[in-house]
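Asker: Quick one: the structure is below, questions incoming.
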């Protein structure tokens, strides 16, 4: 089954579904050619982008990502400073180094097809890659789908999607399998486990506790790094909207030179500022963690930074518990609904991140499993129906600020859940199901197409 840690991927901004996923897909196509022993036959490649990837691809960096992926780059290891320069070199030379191994013909203006009026039937975020030999004969053609959070599926995998969403992870028999909150809570209750303890027990089937801790801490540390960096970087975000970075200015106003003297109200405002800082980094193609997506990359780091800074005795154990709990909650949405804004709107990104953050904070503040579930449910309940309407297709307005609001909301919800001991009238499974139904009913114009909402009602200056 999918590991909860797979809900977090270290990569680059600005979008997990439109940047991270397409880069992985381009790279996977190149690697598939190599594995099949066909790379040497290829002299020419083409890429086709459909649906949401075509409609908002320019603002989300999709075109840059696909080309960098075909050229052998991976979101986790690419140097963000080389993204533009590599594409500029490909544009000028008319060729790219496929998989980082062999130069092939690629005319950026003629071989990258943007189909804004076509959606592949399987998913709103579809891609097709084609490779040709010296006689123009097709060597290989593959379709990939970026389903949110940086996850990709090929055409065969997406047919049986729920069984194959974890195809990137080794599927093994674990002691406490779950695909619903009901199953998760029953395991925890029957075996007297916290959610994080259950995750550790499942992970122990394939790796050691130290390895799990190391991965969780790497994720948390990158979140911390992107927060701190975002609080220092000033200037205008790329993309043409002329959005000024706000986090450094907000931070300086709030801390008044001494973090220990910040009021409780300003602490929540700081959590918002932390989240804004991360998403400004995301918008600038910097290093971030998908949590569970790039559009929602700031909410969980904002809450985690708040917890680190304003609670005494926070240890690595606490931070790992936070990450594992959040990841397990994210899994429930991955299995039961979607984390793709192109499929269900922003409720699948900001809503899921808020739910993950609220549940995780409840856990590390001493909440029981019932309270964790309640916090996660409340958070999504009040994000239902949230549309995805980025102005100019950029992950800036309203995305950056929405992360800040979600972080503050998650903190208040966690504290509310800790005051209650009874299950709510609405279960987490019920709200996940409702979120998916709401997404299906939502017009495609409100699902990461930049065709409605703020995207058309605010004049870009």
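The values are calculated or read from the model by the stated rules, or taken from the named source; none is laboratory data. Just so it is clear, the structure is predicted and the values come from calculations on it, not from any experiment. Positions of Cβ are backbone-derived with ideal geometry, glycine not excepted, and every protein chain shown enters the neighbour counts.
Asker: For segment 425-455, which positions are without any contact (Cβ under 8 Å) to a residue 60 or more places away in the chain and either part of a loop (DSSP other than H, G, I, E, B) or surrounded by fewer than 14 Cβ atoms within 10 Å (Cβ to Cβ) (or both)?
Answerer: Residues satisfying the conditions are 425, 426, 437, 441, 443.
A quick yes/no check of all residues on (1) in contact (Cβ under 8 Å) with a residue 24 or more places away in the chain; (2) in a helix (DSSP H, G or I); (3) over 14 Å from residue 9 (Cα atoms):
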site	(1), (2), (3)
213	yes, yes, yes
221	no, yes, no
249	no, yes, yes
254	no, yes, yes
268	yes, yes, yes
277	yes, yes, yes
297	yes, no, no
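Asker: Here's a follow-up. If you check every pair at least six apart or on different chains, which have Cβ atoms under 6 Å apart with a residue in segment 139-159 that is in a helix (DSSP H, G or I) first and a residue that is modelled with pLDDT of 90 or more second?
Answerer: Taking only residues 6 or more apart or on different chains, the pairs are 155/143; 158/122; 158/145.
Asker: I would also like to ask the following. Quick one: which of 320, 352 is under 15 Å from residue 410 (Cα atoms) and modelled with pLDDT of 95 or more?
Answerer: Working: 320 fails: under 15 Å from residue 410 (Cα atoms).
None of the other options fit; the residue is 352.
Asker: With the checklist (1) in contact with a strand residue (DSSP E or B) (Cβ under 9 Å, 6 or more places away or on another chain); (2) outside the structural domain of residue 106 (by TED's automatic domain parsing); (3) surrounded by fewer than 24 Cβ atoms within 10 Å (Cβ to Cβ) in hand, flag the one item residue 3 doesn't pass.
Answerer: (1)
Asker: Does segment 65-84 hold any residues that are at pLDDT 95 or above, part of a helix (DSSP H, G or I) and either more than 19 Å from residue 143 (Cβ to Cβ) or assigned by TED's automatic domain parsing to the domain that holds residue 447 (or both), and which are they?
Answerer: 68
Asker: Also, quick follow-up: Exactly one condition in (1) surrounded by 18 or more Cβ atoms within 10 Å (Cβ to Cβ); (2) over 27 Å from residue 250 (Cα atoms); (3) under 20 Å from the mean Cα position of the chain (by Cα) is not met by residue 374; state its number.
Answerer: The single condition residue 374 does not satisfy is (3).
Asker: If you don't mind, another one. Restricting to segment 35-52, name every residue that is part of a helix (DSSP H, G or I), surrounded by fewer than 17 Cβ atoms within 10 Å (Cβ to Cβ) and under 32 Å from the mean Cα position of the chain (by Cα).
Answerer: Correct list: 35 only.
Asker: Applying the selection to segment 380-392, what residues are at pLDDT below 90 and surrounded by 24 or more Cβ atoms within 10 Å (Cβ to Cβ)?
Answerer: Result: 390, single match.
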